[in-house]
1. Across peptide B:90-102, what mean number of C-beta atoms from other chains lies inside 10 Å of a residue's C-beta?
2. Please report, largest first and rounded to whole Å, the three semi-axes of the ellipsoid equivalent to chain A, where each semi-axis is the square root of five times an eigenvalue of the C-alpha gyration tensor.
3. Largest first, please: the extent of the C-alpha atoms of the protein assembly as shown along each principal axis, to the nearest Å.
4. Under 22 Å Cα to Cα from A:Lys138, which lysines show up? Leave out anything in the same chain fewer than 8 places away.
5. Grab the beta carbon distance between A:Ser5 and B:Leu248, set R0 = 51 Å, and tell me the FRET efficiency rounded to 0.05.
6. Determine, from the Cβ-Cβ distance of B:Leu259 and B:Ala73 and an R0 of 51 Å, the FRET efficiency 1/(1 + (r/R0)^6), rounded to the nearest 0.05.
7. Enter the angle in degrees (range 0 to 90, nearest 10) between the Cα long axis of helix A:192-218 and the first principal axis of the Cα atoms of chain A, meaning the one along which they spread out most.
8. With a 10 Å radius around each residue's Cβ, average the other Cβ atoms per peptide and rank A:219-228, B:24-33, A:81-90, highest first.
Amino acid sequence: MPLFSPTEFAKDQVQAVQDYSLLAGRSLSNVFAQPRYVADTLLQADLIGVGSLPIVVLTGFFTGAVLALQTSSTLQQFGSLSLTGKLVALSMVRELGPVLTGLMVAGRNSSGMASELGSMKVTEQIDAMRAMGVDPSKKLVTPRVVATVIMLFFLGILSDLVGLTGGFIISYTLLGLNPNEYWTTAYQALRFGDVIMGLSKPVVFGFIIASIGCYYGLSAKGGTQGVGRATTQAVVAASVLILVSDFFITRLLTGFFAY
Amino acid sequence: MRFEDVAMSFDHPVLEGISFRLPRGETKILMGVAGTGKTLILKLALGLVKPDSGHINVLGNEITAMHEQELFALRRNIGMVFQESALFDSQTVEENVAYRLIEETGKITEEIHQRVLEALRFVELEHTVSLFPAELSGGMRRRVAIARAIITQPEVLLYDSPTGGLDPVTSNTIIELIVKQRDVYHTSSLMVTHRLQDAFTMASHYFDREQNKMVPVGDGMDCGDLNTRFLILRDGKIIFEGTAAELLRCTDPYIREYLS
């Protein structure tokens with residue numbers, strides 16, 4: 001067995017970061033270059049957006065519901081049960097809605113992109129595409145990135161809404177809260193900065209999900225085993241990057257809006 | 001196409017000092033044992049990989065100095081048939097064959113449909129137009145790949161083991177198509193093959209348009225007229241370049257053993 005070389009390992013990591021950065025940069029610059037694959041983008045939007053609706057709705061609903069359930073006992077101790085709506089709204093809109101939606105879509109679509117593009121790579125379909133004068137980054141990567149960013153933005157909003165509804169159902173049926181009280185505190189709790197934070201996170205997460213999925217797919221090698229490895233790595237990397245970037249976006253925006 | 005002193009290595013040197021010319025209208029058959037860099041030469045010719053050193057000139061363009069974006073335009077004049085066909089498995093035969101044309105128009109128009117049928121007629125697979133690659137046999141997939149490569153009538157065709165892993169009858173059908181392309185359209189081509197029989201069939205047969213089939217070269221015709229030459233690689237170097245007759249006369253012990 002060959003000895004492990006730290007230098008080679010470091011070089012490989014730097015090379016991977018460089019390759020990813022170039023691909024991610026190209027996927028963005030392609031938006032402003034011809035040809036634009038509108039039909040491919042719409043198809044991906046349908047696959048990613050509409051296809052992810054059930055898991056996003058279910059995740060959002062039960063997260064909101066469990067949030068209301070878990071916090072009710074603590075709030076009750078302080079006699080602040082009426083603040084349940086505020087707590088659910090802030091938690092869902094600022095944090096849980098975008099992050100959980102991002103993680104769900106990463107699990108579903110980063111893996112899908114990595115396996116689809118990985119299979120194309122190992123069966124020489126990517127080379128065939130290049131050989132026919134078609135840029136894979138334009139044809140395959142940019143439509144996925146654009147579609148994921150746009151769809152995750154709307155899925156994030158939907159998740160917030162469904163989460164608030166889940167919290168409301170628990171508050172109304174189990175905690176006996178007045179509906180008007182729940183929705184009023186929820187609405188009043190949200191400030192401009194909270195909404196901006198809730199809307200900007202899915203955009204960044206969408207870009208991470210698609211670019212990471214495509215990067216691992218296009219760098220797959222070693223047959224079907226390589227495709228499997230690329231798929232796993234894509235989900236892991238996308239999920240970790242979502243959580244890491246979530247921290248930095250939160251820190252940046254809390255500083256910016258002076259919370 | 002011109003290769004000048006091209007070298008490339010991965011963990012070890014794969015190609016060294018590769019120099020040859022492919023004049024317009026000529027067919028060059030690349031032969032050699034597995035791992036000698038034959039497929040790599042095709043990928044270099046397309047600019048899919050860059051050499052470590054040397055120059056490659058294709059259709060008047062020095063491709064070693066070109067960026068990927070510039071190469072896309074050049075590649076539209078080159079057709080490539082991959083070893084395992086590399087058809088897009090989620091698209092129908094029609095979409096695969098029309099791929100380059102759809103890129104230009106965005107959709108399959110009636111004119112494109114007719115051109116697809118014409119290309120499929122050339123490979124005698126007109127009836128497969130709405131099928132998916134998974135529904136075709138290995139030989140049919142290679143023929144569809146040929147149709148996809150020739151639909152735009154490129155100036156250069158590259159074939160990577162087009163008959164590899166196929167039965168002799170199917171192989172012969174594919175060689176006949178390649179010979180037809182050579183003799184009807186006079187396209188320059190570079191063909192990698194492991195099968196000696198296929199290579200010599202190409203060098204000793206021509207396509208008779210009247211009979212619409214491949215026939216052996218007759219008494220009044222010289223095999224040299226077929227514009228087909230051989231190039232043999234050994235350990236990443238070219239050890240022979242010439243016609244079939246010159247190859248058969250060659251006294252090099254390695255080549256004698258390779259041919260036997």
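1. Details: counts 4, 1, 0, 0, 0, 0, 1, 0, 0, 5, 3, 0, 1.
Rounded to a whole number, the mean comes out at 1.
2. 40, 19, 17
3. 107, 55, 38
4. Answer for A:Lys138, where 22 Å is the Cα cut-off: A:Lys121, A:Lys221, B:Lys43, B:Lys50, B:Lys107, listed by chain and number.
5. E(calc), rounded to 0.05, equals 0.55.
6. For R0 = 51 Å, the calculated efficiency reads 0.80.
7. Value to nearest ten degrees: 30.
8. Details: A:219-228: 16.1, B:24-33: 19.7, A:81-90: 21.9.
The densest-packed peptide leads the list: A:81-90, B:24-33, A:219-228.
Laboratory data are not the source of any read-out in this text; all were calculated from the coordinates shown. This one's a predicted model, so the numbers in the text were calculated from it and none came from an experiment. Cβ sites come from the backbone with ideal geometry, for glycine too, and all protein chains shown count toward neighbours.
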